[in-house]
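Reading through the structure tokens given below for one structure.
The values are calculated or read from the model by the stated rules, or taken from the named source; none is laboratory data. This structure is a prediction, so every number in the text was calculated from the model and none was measured. Heads up, the Cβs are rebuilt from the backbone with ideal geometry, glycines too, and the neighbour counts pull from every protein chain shown.
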Amino acid sequence: MQDFVERMIEESRQLNERIEKLGLFINSNTKFQALDEKNKQLLREQYKAMTAYANILHERIKINGGYENG
């Protein structure tokens, strides 16, 4: 596997961990509820952007042979 594909896989793994943590924060944290509406909105937008980026990385990994063996 090419180095750039391995780097994308690692970036994807790290990004997915961050997405999961942010999702948990948004959906079940009282600190999130205490934020003002603008910060809540921006965190939700950040979550959507991170998810979109993760989907793009997934497609790039797939078309470059990164998921051939599993």
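Numbers below:
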quantity: Residues of the range 42-51 classified as among the basic types (Lys, Arg) and surrounded by 12 or more Cβ atoms within 10 Å (Cβ to Cβ), total; calculated: 1
quantity: Subset of the range 1-16 [closer than 13 Å to residue 55 by Cα and touching a Gly at 6+ places or on another chain (Cβ under 8 Å)]; calculated: 8, 9
quantity: Among (1) in contact with a helix residue (DSSP H, G or I) (Cβ under 8 Å, 6 or more places away or on another chain); (2) surrounded by 10 or more Cβ atoms within 10 Å (Cβ to Cβ), the one test that residue 31 misses; calculated: (2)
quantity: Within the range 22-65, tally of residues that are under 16 Å from residue 12 (Cα atoms) and β-branched (Val, Ile, Thr); calculated: 4
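Residues are listed down the side, and each one gets a yes or a no for (1) touching a Cys at 6+ places or on another chain (Cβ under 8 Å); (2) surrounded by 10 or more Cβ atoms within 10 Å (Cβ to Cβ); (3) at pLDDT 95 or above; (4) not polar (S, T, N, Q):
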| position | (1), (2), (3), (4) |
| --- | --- |
| 8 | no, yes, yes, yes |
| 16 | no, yes, yes, no |
| 25 | no, yes, yes, yes |
| 40 | no, yes, yes, yes |
| 53 | no, yes, yes, yes |
| 68 | no, no, no, yes |
